[in-house]
Amino acid sequence: MTTTDQQPEAARQEMQVDIICTGFGPATGGFLTTLSRAMTKEDGTPAFESKVMPGMLPQVICYERADDIGFGVSGVVTKAKSIRESFPDFDPAAIPMTHEVTEEKVVYLLDPVGASRRSWLVKVADNAIKLFKWILPYRHQAMELPWMPPFLQKHKGIITSIGQFNQWVGNQLMMSGAVQIWPGTPVAKPLIEDNKVTGVQLADQGTDKQGNPEAGYTPGMDIKAALTVVGDGPVGVVGRDLDLHFGLPEGNHIRDWAVGMKMVVDLPAGCELKPGTVIHTLGYPEPEIFGFMYVYPDGVASLGIFVPSWFDNPMRSTYRYMQHWIQHPYLWRHLEGGTLRSWGAKSLQESGRRGEPFLVGDGYARIGEGSGTTNVLTNSGVDEAWESGVQLADAVIELLEKDKPFTKENLDETYVKRRRASWLDSESRIAQHARDGFQKGFITGMFTTALVGMTKGKLFIPFKAKRPHDRIPTPEEYYKGRISAEEIDQIRKECRSKGLTLHDRLMEKAGWPEIKNDGQLLMSHQDILLMGGKVQATGNYADHVTFVDPRSCAQCQTLICTEICSGQAIAPNPEGLGVVFDREKCVYCGACIWSCSEANKDNPEYSNVSFRAGAGGLHSAEN
Amino acid sequence: MSTGFHIVVCAGIVPDPLQTLEPVSGPQGWALKNEMMLPACLDPWASHALFEAANLAKNVSDSKVWLVTLGPKAKVQQVMMTMAQKVPFELVALDGAANGFTDAAETAAALANAIEGIAGLDKSRLLLFGGWESASRGAGATLQIVGERLGITEQFQGVDQITIKDNGAMEILERVEGGSHQVSECSSAPAVLGWATGNLPEPPNNSQIGMQNMRLIMPALQKAPATKIGTADIAYKGIELPKQQRNTRIVKDVPVEEIAREIVDWLRG
Amino acid sequence: METILYIATVEKDGSLAKGALEALYAALELKSTLSGAKFVAGLIGTDVQAAANSIAGCGAEKMLGVSGSDYSQARYSSDAAAVTAFAQAAQATVVIAPGTSRLNRVLPGASHRLGGVADLHITSLSADGSDLTVVHWHYRQRMKAEYQRKNRPWLLAIDPGIYPVWSGAAGTASVEMVDVALPAVRTQVTGFHTPSADEQTIRPEADLLFVAGAGWTKKQADGQTHTADAERYILGFLKATQASLGSSKSLVDLGGEGQDVLGFLTHLNQIGQTGATPRHPKGLSTCCHGEEPHVVGWRFVNERRAINLNANCGWAHGKADVLYVADAFEVMKKVIELL
């Protein structure tokens, strides 16, 4: 038993279990579903015995940071190949907001307001479309592509709300009694002894914002286990700490990111969209921003945009761009009169296989998005994450059956071997260079994706990925020729003194129309947090977002972390330099981690933002 | 002879506070729109009652806490994943409707029946806890009726504090008008205490307590009897959301003196 | 045909409180609209004669009373027994009482003894022929439900501040005392914890609700908190206006977040989803963002104004009649001067 430095009398307790899982998402869902089914024999007797509680089933515990297991933040379209294998009788109707894919469209959106920053090549394409609009499938200032590349198609797949899917999976798991899932329990860090992961430490409770003990101080327990299953996603603290400790395999890096922001909408009465419809958009509000819309049963749709790390705009406010996107005539004709139900945001690790960490080590294994499962060619992640969990569970069952320890060697032989031999690995190999071209812009990116997709990965152009912080221009550079440096400086001074971000002022100066709030779909950022995300946070935890070197923030001219912050949780410090963080608004999207324009002084692969786990965030299970 | 209390906390589940609520009428009667999709939490006042119960049980030896709840099993299970980590209790669950449109008297009958069935419960040591009102029906009636059904004639509502005195008597503070508290002394159990917020902060999450509780919670949920709670006595003529959207006049860039004067005029007007 | 029984408790000075007279108004209005209804009144207290005289002109067929030292205190066992005895004596089918802490405590229990039903926090009574319809707000005042019930007796507590105060002729009432069989009583009311007049911040009958939001204790433009100033302005304003004080978040919540807190705010001041929903003709919100869970507690505040630095806060979007975009410290200082 150890004690903390700050308050020796408050002992840090220790608890022993058999297997710890960090983060409850599709990967952990796949892992626990497979494992829990194998824990009891057909006659109901235990198949395995706990090492820490002899006579009982192995103690398997999953810690989830969010306040409920359904507070995930994704609407997805997935082939659901692996999910269907786990649930052979899978019926989409059993899960709310789930439907089979019935129709898929890719739509190129032209710029109806004239403010989008389009390269000459994009402008040429736009003009060509307008010129030939009489013979093209052009309407509502958009062109529906007549053909969808097979690698993007999710025919026979499903659209679902990950929030609802997680709840459905979680309820079945809890009912099995074989595993336990504890939401509202942030993990502080992995416990690493001699390069062996021995468990995790839970976050301290009863502290002030700086983490100093206060009344009711309860040090987070050390939870020890023979195996720690790391499924806490791309911005999860355990996975990121392991990356920092062990590094990434030679040549791998995580430099491609995107933040996906979405809303769930009750479509207006009479809306013609049919359940199962999937619409992908590109071209607007900026060519770098892609959009999606999935139509669920009962007149509900999930829609939103992705803002990628290679979108070199220091004013890349996802929320503001989403407001312009939904008002594009092609979408607005379906949405006008609809009502917001839910809202959320999430970072996506877009390096895919090239961001793959060491998958296993002594005492741990990595699954899901944080382990590089996302297929960046097919834009698919959920089924891949689920499959990685299933593969790890099969490996763990094998090791339990043989009574072998969870060493790196044994996990390599069982889990990694399975993964390398599976479709998950072969498909991700094909995809690994699919996004490279976007490093050089939208058109090159589209070209290289098509090239990789059509040749099944045989042909590609290996553009080197820049670190996100190496590519952020200043507002002056970005708006050169549109807004003068003096004007930007004036706006910066005015906004900063009030603790406000710059993007609204600068975007409007650059021609983006003012947003006319209607209180239904168009509303202030603050209102969407409350009305859509139902964002809330309890006190008693330390701030989970901190800034490593405040001097870097003090001299930062972009403060891009404040512009992209999905929840307006990071804002310019109105009382001086740098930024301030308000935990009560954070939705844990993690966009600040990879958007920060300042390199970490100790490790240039990281930024100046430190992002840990904390309680609270979104309280909507519909995303 | 044992002197500890047997504390039974009645607590329902309600939608998490920031959720958007809309009543809808269907073949099963009134319900909330997307009721099963709304994140739920333990009723706030009843949660306080549970924390107070756990605190009392910790301070009075040989005491025990049961949590009796009525709600759709899947939802109760979800809520238990959080609540089980807070304080030790034994769950008694009834699987049935738990929205605000059911009848308090019917709910009370089901709860009283479940409490009567708790093995080892000593009614002479019983303290029946709960919230003084729910955040759903807000009837403020259920707990009193459960108490009556269990034959308890000492009842307190809007309780903010209980202190056990040296002679074993309970000193109880109840909210009354004007921000005051009425102080009563009740010589012994059994008693009903409908809690307001009390004075205890929410306990931290504790995995050890969670694991200990879960061993009994899952079996309790698995055997939760299906319980029909209806509204047979109530005939709703309508349930609607108020339309209170105002045309807000925004006064901006106006000197403070002018604003102050306008406010004073309005206050005096 | 309904028999309406009006029940009230008598104050220490022998009078009936405002809420009791409002409930009497409601009961009499119902009696006049509900076809064929009879009306009986019942009073509980140490001595009920003076109160009975004060409402002698209400037209009750009978005036029942329960008195004695057992009824000087608000206590469940004795009060529930009294209410039950009244309802039985009057053969009441509808019982109407003011929604005071004292009667809210006992009506549901009494309804069970009578084989009937009870609803508290009723905000409207109406009659259509011989049918009685009530209004109750569900989900912490977020939705309005209108309903009828079949079971009788139906015990109803009327929330204060809705109906006008009954003002009829006084006279000499003939009070029929009712015998009540008390069970063995184990509870004694020993006193009250009442804030002194200076400390008193909750005034249900005030014309104005003044809400202090969390912003009062946050850092101000100079980077410092000014909690002492905040306390001075808020208390100064309350003193000058005799307003009732509400808060958007509870003291304990803010304390838990490591913030300075205002010493005189308690849970009791909290307005909103997990707090109170008071009734006041006017409400002034300061340093509060106007979030939905707080604003639901303003359901029964008629005229609403807010002072907030953020022009885009919740109040701006249809929740207040007027939003002043200004620094509340400065505005309140000036307001107090003018007052």
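The values are calculated or read from the model by the stated rules, or taken from the named source; none is laboratory data. Keep in mind that what you see is a predicted model, and the values were worked out from it rather than measured. When we count neighbours, we look across all protein chains shown, and the Cβ atoms used for this are built from the backbone with ideal geometry, even at glycine.
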Of the residues in region C:259-299 that are within 11 Å of another protein chain (Cβ to nearest Cβ), charged (D, E, K, R) and assigned to a loop (DSSP other than H, G, I, E, B), the one that is nearest to residue A:534 (Cα to Cα) is C:291
Under 6 Å between Cβ atoms, which residue pairs at least 6 apart in sequence (or on different chains) link something in region A:164-190 that is touching a residue at least 40 places away in the same chain (Cβ under 8 Å) with a partner that is surrounded by 22 or more Cβ atoms within 10 Å (Cβ to Cβ) and of a type in the set (Phe, Trp, Tyr)?
A:181/A:24; A:182/A:63; A:185/A:63; A:187/A:63
Are any residues in region A:306-350 acidic (Asp, Glu) and out of contact with any strand residue (DSSP E or B) (no Cβ under 7 Å at 6 or more places or on another chain), and if so, which ones?
A:312, A:336
Give the number of residues within region A:171-188 that are at the interface with another protein chain (Cβ under 8 Å from one of its Cβ atoms) and either within 20 Å of the chain's Cα centre (by Cα) or at positive phi (or both).
4
Scan region B:178-196 residue by residue and report those that are hydrophobic (A, V, I, L, M, F, W, C), part of a loop (DSSP other than H, G, I, E, B) and facing chain C (nearest Cβ under 8 Å).
B:196
Some residue of region A:92-111 being more than 27 Å from the chain's Cα centre (by Cα), surrounded by 14 or more Cβ atoms within 10 Å (Cβ to Cβ), in the same structural domain as residue A:330 (by TED's automatic domain parsing) and touching a residue at least 12 places away in the same chain (Cβ under 8 Å)
yes
Kindly indicate the residue of region A:281-290 that is crowded, with 21+ Cβ neighbours inside 10 Å and in contact (Cβ under 8 Å) with a residue 60 or more places away in the chain and also nearest to residue A:472 (Cα to Cα) among those meeting that condition.
A:288
Residues located in region B:230-262, provided they are out of contact with any strand residue (DSSP E or B) (no Cβ under 7 Å at 6 or more places or on another chain) and surrounded by 20 or more Cβ atoms within 10 Å (Cβ to Cβ)
B:260
Specify which of the listed residues (A:86, A:74) is surrounded by 14 or more Cβ atoms within 10 Å (Cβ to Cβ), at pLDDT 95 or above and not charged (D, E, K, R).
A:86
Inside region C:51-77, can you point out the residues that are in a helix (DSSP H, G or I), of a type outside the set (Phe, Trp, Tyr) and within 24 Å of the chain's Cα centre (by Cα)?
C:51, C:52, C:54, C:58, C:77
Only one residue in C:308, C:302 is surrounded by fewer than 19 Cβ atoms within 10 Å (Cβ to Cβ) and more than 8 Å from every other protein chain (Cβ to nearest Cβ). Which one?
C:302
Can you find, within region C:129-141, the residue that is farthest from the other protein chains (Cβ to nearest Cβ) among those that are surrounded by fewer than 22 Cβ atoms within 10 Å (Cβ to Cβ) and at positive phi?
C:129
What are the residues in region A:332-378 that are among the polar types (S, T, N, Q) and either part of a loop (DSSP other than H, G, I, E, B) or surrounded by fewer than 24 Cβ atoms within 10 Å (Cβ to Cβ) (or both), if any?
A:339, A:351, A:373, A:374, A:375, A:378
Residues that are modelled with pLDDT under 95, crowded, with 20+ Cβ neighbours inside 10 Å and either of a type in the set (S, T, N, Q) or within 26 Å of the chain's Cα centre (by Cα) (or both): does region A:223-231 have at least one?
no
Name the one entry in A:70, A:75 that is in contact with a Lys or Arg (Cβ under 7 Å, 6 or more places away or on another chain) and under 30 Å from residue A:617 (Cβ atoms).
A:75
Please pick out the residue among A:235, A:278 that is crowded, with 20+ Cβ neighbours inside 10 Å, in a loop (DSSP other than H, G, I, E, B) and of a type in the set (A, V, I, L, M, F, W, C).
A:235
Which residue is nearest to the other protein chains (Cβ to nearest Cβ), if the candidates are limited to region C:311-330 and must be of a type outside the set (Phe, Trp, Tyr) and touching a residue at least 40 places away in the same chain (Cβ under 8 Å)?
C:327
Output the helices (runs of 4 or more DSSP H) that fall wholly within region B:24-141 and possess 3 or more residues being buried (at least 18 other Cβ atoms within 10 Å of the Cβ), of a type in the set (Gly, Ala, Ser) and within 14 Å of chain C (Cβ to nearest Cβ), or say none.
B:44-59, B:104-116
Do you know which residues across region C:142-160 are surrounded by fewer than 21 Cβ atoms within 10 Å (Cβ to Cβ), touching a helix residue (DSSP H, G or I) at 6+ places or on another chain (Cβ under 9 Å) and either assigned to a helix (DSSP H, G or I) or more than 8 Å from chain B (Cβ to nearest Cβ) (or both)?
C:160
Given the conditions (1) closer than 30 Å to residue A:65 by Cβ; (2) free of Cβ contacts under 8 Å to residues at least 60 places away in the same chain; (3) facing chain C (nearest Cβ under 7 Å), report the number of the one that residue B:199 does not fulfil.
(3)
Which one of A:556, A:592 is at negative phi, away from chain B (no Cβ under 14 Å) and outside any helix (DSSP H, G or I)?
A:556
Just for region C:188-236: of the residues that are of a type in the set (S, T, N, Q), within 14 Å of chain B (Cβ to nearest Cβ) and surrounded by 13 or more Cβ atoms within 10 Å (Cβ to Cβ), which one is nearest to residue C:291 (Cα to Cα)?
C:201
For residues that are surrounded by 14 or more Cβ atoms within 10 Å (Cβ to Cβ) and more than 11 Å from chain A (Cβ to nearest Cβ), scanning just region B:213-229, find the one that is nearest to residue A:187 (Cα to Cα).
B:216
When region C:84-96 is examined, which residues are found to be among the hydrophobic types (A, V, I, L, M, F, W, C) and over 20 Å from the mean Cα position of the chain (by Cα)?
C:85, C:86, C:87, C:89, C:90, C:92, C:94
Is it true that some residue in region C:15-38 is in contact with a helix residue (DSSP H, G or I) (Cβ under 8 Å, 6 or more places away or on another chain), assigned to a helix (DSSP H, G or I) and within 23 Å of residue C:170 (Cα to Cα)?
yes
When region A:51-60 is examined, which residues are found to be surrounded by fewer than 23 Cβ atoms within 10 Å (Cβ to Cβ) and either on the phi < 0 side of the Ramachandran plot or facing chain B (nearest Cβ under 8 Å) (or both)?
A:51, A:52, A:53, A:54, A:56, A:57, A:59
Taking the options C:17, C:41, C:27, name whichever one is in the same structural domain as residue C:96 (by TED's automatic domain parsing) and surrounded by fewer than 24 Cβ atoms within 10 Å (Cβ to Cβ).
C:17
